[in-house]
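Input: a single structure, listed below in structure tokens.
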Amino acid sequence: MELLIVEDERSLAEDIRAYLEGPDVRCRIAGTVREAMDQLLGMSFDCIILDLGLPDGNGLEVLRALKGQERTDGVVIVSAKDALEDRLEGLRIGADDYIVKPFHLAELAVRVQATVRRARFGGRDLLRFDELVIDLPALRAEVNGAPVSLTPTEFRLLRLLTASKDRVLPRAVIAEHLTEDHADDERAIELVYAHMKNLKRKLAEAGAADRIHTVYGIGYRFTTKA
Ligand code: CA
């Protein structure tokens, strides 16, 4: 998978690259509209992470150029909180999703993966972890071929965990993802705990391996190797 990170804050671009890059994910970085255009001449990307506020222009110019060439690279817009108009314009032009700064890298990972899947498989693919199969568009999980009855919140939790597989996911990030709010308080943490407990129980009862591990005082980790 090839990703292009268009971001002029070099340290943020490097953080994104460090988080998303892996054995099957390669990231390139462009710091300006012009550099992004140059990268796009040479190749297509599974997803472009596109900052709008760039030193030599607006990231929307890159998006317009892409859509003008009828390219199918996925695009996730990264924007400042106050850039609502640009965000809406981006979605109108054809961006797949957006994320508002500041964001957690786990949240960006979920959006990038969802965008790539929609583009590549028309949203019909499955995530497989041996006995556990997750059907993202259908919002269904199966263990050894039998459906597991998850609530929408439990499903979102599972999706978030798998998007950051083999990494520790902080509780505060999970709380924020579930409540779509900056939820750092004790009640939000308790909510995460309750949903996580139910999710783990349901997966265990269905016969799934124990993949969700508590990292004490920090959060949780979904391990691909059971
Ligand atoms: Ca910027």
Report task. Per DSSP H run of at least 4 residues, take -39500 (n - 2.57); add these up for the chain, divide by its residues and hand me the 222 nm value, nearest 500 deg cm²/dmol. Result -> -13500 deg cm²/dmol
Query raised in the report: Which percentage, to the nearest 5, of the DSSP beta bridges contained in the chain is antiparallel?
Result: 55 percent
**Report entry** Nearest 10 degrees, 0 to 90: helix 84-93 Cα axis against the chain principal axis
**Finding:** 90 degrees
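Over 13 Å, how big is the tail of the calculated P(r) for segment 26-71, in percent of all Cα pairs? The partial results should precede the final answer.
Values: 523 of 1035 pairs.
The calculated P(r) of segment 26-71 puts 51 percent of pairs beyond 13 Å.
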Report summary line: Scoring only Lys, Arg, Asp and Glu (+1, +1, -1, -1) among other residues with Cβ under 14 Å from the Cβ of THR223 yields +2
Query raised in the report: Dividing the Cα convex hull volume of segment 10-133 by residue count, how many Å³ per residue is that?
Result: 117 Å³
Query raised in the report: For the chain, what is the accessible area per residue in Å², given a 1.4 Å probe and the full set of protein chains?
Result: 51 Å²
Query - Cα centroid of segment 77-106 to Cα centroid of segment 129-179, whole Å - result: 24 Å
**Report entry** Principal axis dimensions, largest first and in whole angstrom, of the chain by Cα
**Finding:** 54, 37, 30
Requested in this report: Assuming a ≥ b ≥ c are the square roots of the Cα gyration tensor eigenvalues, decide whether segment 95-226 counts as rounded (a/c under 1.5), prolate (otherwise, with a/b larger than b/c) or oblate.
Outcome: oblate
**Report entry** Using alpha-carbon coordinates, inclination of helix 10-20 to the longest axis of the chain, degrees
**Finding:** 40 degrees
Report summary line: Of the accessible area of the chain, computed with a 1.4 Å probe and all protein chains kept, carbon and sulfur make up a percent value of 50 percent
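The values are calculated or read from the model by the stated rules, or taken from the named source; none is laboratory data. Computed from a predicted model, the values in this text were never measured in an experiment. Glycine gets a Cβ as well: all are built from the backbone with ideal geometry, and neighbour counts include every protein chain shown. Ligands, DNA and RNA are stripped out before the accessible areas are found, and what is left, the full protein with its side chains, is counted by its heavy atoms. Shrake-Rupley method; radii C 1.70, N 1.55, O 1.52, S 1.80 Å.
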